[in-house]
């Protein structure tokens, strides 16, 4: 019988939402949350012997300590296989799953598997180190995720041959695997061309590598003369969220006038972000968007001036494509307004 | 967003708690912050102590903006 240890976050363990994201790791010996579906899929071939539950914020804010403690917890059970998640498009959860999976693989030398949406930051960070099954972007895709993850997990545990990413459903990890296509090349090429001509989706067999890096700009010569703008993905908005920026998967950004605003207060500003505990930002939004300090620096001549508008959106499950489009649009305005530098804050 | 701002030709500093994400996204100037729900504050402290922390972090961000970098740089101090 293959012994499995699983890692899940506070949310999937039913401990709580963002208000419980700070809890340290703990062990459960009963099967919890997504473990039920996995256990069902494993049938008698494998058994989940323990589940590690850890808060997403705790893991990411105490990375080294969390890795160490969790590794110790896992060792106790001497498992044959380690599964983390699936995390879908939950950013901190995805990073935690992939980080701990990579750590277990390296330190305990057992097969590991995790799953998440391809845009989860954890995917880019670790897809070349551990198998990450590509899932949908929300927990609605749990059934589908288990269906792909459970068989691959068993194969890994049994040391069976792992086929290509396209066949097994994991995110491409840079390793090429030879295999025979069912149809010959000419036919596939014509089919692709037909799809393209009809504006239908088609998948290239030779994707270009994505090296999207931007060279750093020159430093600001004299910060005491610089016009500085504030931007945030932490969802800070005027109280009442006048433009209804969504708490997750934001479809827009906001631009707000802070002319004469010296301090963001509980009465005037709040966060629209649904991906972190909003209590602290709602009490004092300067904790996310430091308007108070920049005003102080402006008065003391430490900066030239603070730009009259700040730009904001909610970086919670928001598509990379949307974020890019938002920033491309407001950066044009910032450029036109003669902004010398930007401070971007993220939660 | 940080990359698009940089691409537009404006120097930008990213202030965030989970630095590995910022590195993966491709920020060039990074200032690590306190915690995910309150990057530039700490509710366990008094208002004044908290402001001190924020002052230091923003000052560090300004210093990052004044520093020439050729590659991704994390301003730990």
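The convex hull around the C-alpha trace of the protein assembly as shown, projected and averaged over every direction, spans 22.4 square nanometres.
For peptide A:283-290, the mean count of partner chain Cβ atoms within 10 Å of a residue's Cβ comes to 6. Centroid-to-centroid, using Cα positions, region A:272-331 and region A:96-140 are 30 Å apart. Residue by residue along A:324-330, Cβ atoms of other protein chains within 10 Å of the local Cβ number 4 on average.
Using C-alpha pairs below 8 Å separated by at least 6 residues, the relative contact order for chain B is 31 percent.
State, as an integer percentage, the relative contact order of region A:185-322 based on alpha-carbon contacts under 8 Å between residues 6 or more apart. Before the final figure, lay out the partial values.
Numbers: 212 pairs, mean separation 47.1, N = 138.
34 percent.
Could you line up A:54, B:16, A:97 from fewest to most neighbouring Cβ atoms inside 10 Å?
Values: A:54 26, B:16 23, A:97 32.
Fewest-to-most Cβ neighbours within 10 Å comes out as B:16, A:54, A:97.
For helix B:47-66, report the angle its Cα long axis makes with the longest principal axis of the Cα atoms of chain B; keep it between 0 and 90° and round to the nearest 10°. Here the helix axis deviates by roughly 20 degrees. Relative intensity of region A:242-347 on a log10 scale, I(q)/I(0) at q = 0.18 Å⁻¹, equals -0.97, per a Debye sum over C-alpha point scatterers of equal strength in the absence of solvent.
Axis angle, to the nearest 10 degrees, between helix A:142-158 and the longest C-alpha principal axis of chain A: 50 degrees.
For chain A, the 222 nm mean residue ellipticity estimated from helices alone, with every DSSP H stretch of n ≥ 4 adding -39500 (n - 2.57) and the total spread over all residues, rounds to -10000 deg cm²/dmol. In chain B, the DSSP-assigned H stretches of four residues or longer account for a calculated mean residue ellipticity at 222 nm of -13000 deg cm²/dmol, using -39500 (n - 2.57) per stretch and the full residue count as denominator.
The value of relative contact order for region A:1-112, using C-alpha pairs under 8 Å at least six residues apart, is 33 percent. Each DSSP beta bridge with both residues in chain A is either parallel or antiparallel, and the antiparallel ones are about 30%. Counting other Cβ atoms within 10 Å as a rough exposure proxy, the listed residues A:28, B:54 run A:28, B:54 from fewest neighbours to most. Shielding value for A:119-132 is 2, the average number of Cβ atoms from other chains within 10 Å of each residue's Cβ. The ranking of A:206, A:42, A:179 by Cβ neighbour count inside 10 Å, starting from the fewest, reads A:206, A:179, A:42. Principal-axis analysis of the Cα atoms of chain A puts helix A:91-108 at an angle of about 50° to the longest axis.
Each reported figure results from applying straightforward, stated rules to the coordinates on display, with no laboratory input. Only a predicted model underlies this, so the values are computations on that prediction, with no experimental measurement involved. So basically every Cβ, Gly included, is an ideal-geometry build from the backbone, and we count neighbours across all protein chains shown.
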